[in-house]
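One structure is given here, and the rest of the page talks about it.
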Amino acid sequence: MTTRRRLLQNSLALGALGVASTDAAIAATRGKTAAAAQPEAPLREPLAAASLHKLYRRIRFGADGAAVYWWLHGTRYGLVDNVLTPFFDMHVASIHRRRDLDADRYEISSASAIYYTATGATTLLERWPNPVTGAEVKFDYPAPRVTLASYSLRDGVLAEPEAPGARSERKHFVGPARADAGRVWLDEASYIRVDRGSTPPMKVHDMYTYSVAAADLAAPLAFTPALAAFNDFNDWSPRFEMGDRPGSSISRCTGSKVATFEELPATWRALFAARHPQGFDALR
């Protein structure tokens with residue numbers, strides 16, 4: 001979920017941070033679970049502008065050294081001539097391990113896996129009948145890769161992974177926070193323009209709304225439960241083989257943060273076990 005984004009299958013490299021930094025982050029924190037982490041201090045004023053990036057870290061990730069999991073389940077659609085057509089269901093899960101660098105900066109090592117099924121089904125979709133082109137499209141499912149991102153409690157995102165073999169333009173927005181019905185709500189949006197040179201740039205817009213119980217933010221917890229709603233609004237993915245046909249791809253998903261692998265949805269775990277059973281081992 002930070003996404004960045006799992007759908008783009010980001011590389012290990014992070015420029016100046018590099019693979020060595022990723023390895024160091026994993027080695028320094030391997031094996032620590034959310035339940036074993038030290039409780040985080042209460043967030044006294046979650047709606048204050050000065051608390052924005054502390055709130056984001058509390059909602060999105062775990063305590064220092066701990067791994068947490070996010071899952072999303074929903075449907076991807078195609079939008080052509082303002083007609084919305086269901087394509088398939090999406091089953092997404094990711095692992096995120098935090099390492100604090102100092103009082104302001106921290107790193108997140110992540111890995112993710114996304115699987116498609118026919119709408120309402122649980123069997124992996126390997127050949128998809130594209131309703132726009134009428135052609136059958138073969139789907140592959142790359143193994144999860146560890147990526148590294150860095151953040152600041154003052155400034156937000158400092159560095160994110162790049163898509164392999166591409167140049168990316170990114171914009172990232174968080175907040176403001178708001179309170180309603182005993183919960184605190186936080187919006188996150190990102191714009192990514194991926195240019196691979198040989199094809200037209202792909203424009204991706206990711207939009208999340210997170211929510212967390214206000215009482216949990218006021219308590220010293222080692223793990224803070226949170227919920228998420230997700231939508232994206234994208235150009236056609238190259239894997240859909242749309243050619244130059246006009247249209248957009250849209251998804252609608254919901255999910256949550258959980259403390260253990262076993263709490264991830266059963267359908268995703270079954271698909272993961274069949275395809276990538278060791279896919280998260282580096283961060284667990």
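Provide Rg over Rh for the chain; use the alpha carbon set for both Rg and the Kirkwood Rh (inverse mean inverse pair distance).
Numbers: Rg = 18.6 Å, Rh = 19.5 Å.
Ratio value, two decimals: 0.96.
Calculated FRET efficiency, E126 and T254, Cβ-Cβ r, R0 25 Å, to nearest 0.05?
Working: r = 25 Å, r/R0 = 1.02.
With a Förster radius of 25 Å, E is 0.50.
At D155 and A273, where each label point lies 7 Å from the Cα along Cα→Cβ, what is the point-to-point distance in nanometres?
Placing both labels 7 Å beyond Cα along the Cβ direction yields 4.5 nm.
Would you mind calculating the gained length between K138 and D180 on full extension (0.36 nm times residue separation, minus the Cα-Cα distance), in nm to one decimal?
Numbers: separation 42, 0.36 × 42 = 15.12 nm, distance 4.46 nm.
Taking 0.36 nm per residue and subtracting the Cα distance, the gain is 10.7 nm.
Could you pull the accessible area for R196 with a 1.4 Å probe, rounded to 10 Å²?
110
Could you order H91, H205 so the one with the most accessible surface comes first? Probe is 1.4 Å.
Values: H91 15, H205 70 Å².
My answer, sorted largest first, is H205, H91.
Given points 7 Å out from each Cα along the Cα-Cβ axis, report the D187 to L79 separation in nanometres with one decimal.
Rounded to a tenth, the inter-label distance reads 1.6 nm.
Tell me which of H172, P201, S190 sits at the most positive position along the dipole axis of the stretch 160-253, charges placed on C-beta atoms (Lys, Arg +1; Asp, Glu -1).
The residue sitting farthest along the positive end of the dipole is P201.
So how do K257, K203 rank on accessible area, 1.4 Å probe, biggest first, that is with the largest at the start? Show your work: numbers first, answer last.
Numbers: K257 10, K203 80 Å².
Ranked list, largest accessible area first: K203, K257.
Whole-Hz ³J(HN,Hα) for each residue in the stretch 263-278, computed from phi via Karplus 6.51 cos²θ - 1.76 cosθ + 1.60 with θ = phi - 60°, x for glycine and proline: what do you get?
Listing the rounded values in order: 7, 5, x, 4, 5, 4, 5, 5, 5, 5, 4, 6, 10, 9, x, 9 Hz.
Can you tell me the length gained on complete extension of the stretch E45 to E262, counting 0.36 nm per residue apart and subtracting the Cα distance?
Working: separation 217, 0.36 × 217 = 78.12 nm, distance 3.28 nm.
Full extension of this stretch gives 74.8 nm more.
Pairs on different chains or at least eight residues apart, Cα atoms closer than 25 Å: how many lysine pairs in the chain fit? Write down the numbers at each step before the final one.
On the way: K32/K54; K32/K257; K54/K171; K54/K257; K138/K203; K171/K203; K171/K257.
Here the count comes out as 7.
Per the helix-only calculation at 222 nm, which mean residue ellipticity applies to the chain, given -39500 (n - 2.57) for every DSSP H run of n ≥ 4 and division by its residues, nearest 500 deg cm²/dmol?
On the way: 4 runs with 35 residues, N = 284.
Mean residue ellipticity at 222 nm (helix-derived): -3500 deg cm²/dmol.
Give me the net charge for the shell around T209: Cβ to Cβ below 9 angstrom, other residues only, Lys and Arg +1, Asp and Glu -1. Walk me through the intermediate numbers first.
Working: positive: none; negative: D187, E188.
In short, -2.
Under a point-charge model restricted to the Cβ atoms of Lys and Arg (+1) and Asp and Glu (-1), what is the dipole moment magnitude of the chain relative to its Cα centre, in debye to the nearest 20?
Working: 34 positive and 30 negative charges, 43 e Å.
Using only the charged Cβ atoms, the result is roughly 200 debye.
Please give the solvent-accessible surface of T260 in Å², to the nearest 10, using a probe radius of 1.4 Å with every protein chain present.
Its accessible surface works out to 50 Å², give or take rounding.
Computing the accessible area with a 1.4 Å probe over protein heavy atoms, can you report the carbon and sulfur percentage for the chain? Walk me through the intermediate numbers first.
Values: 6970 of 12870 Å².
After summing per-atom areas, the C and S share lands at 54 percent.
The values are calculated or read from the model by the stated rules, or taken from the named source; none is laboratory data. Quantities reported herein were computed from a predicted structural model and do not represent experimental measurements. Cβ sites come from the backbone with ideal geometry, for glycine too, and all protein chains shown count toward neighbours. SASA here: full protein model, heavy atoms, side chains in, ligands and nucleic acids out. Shrake-Rupley method; radii C 1.70, N 1.55, O 1.52, S 1.80 Å.
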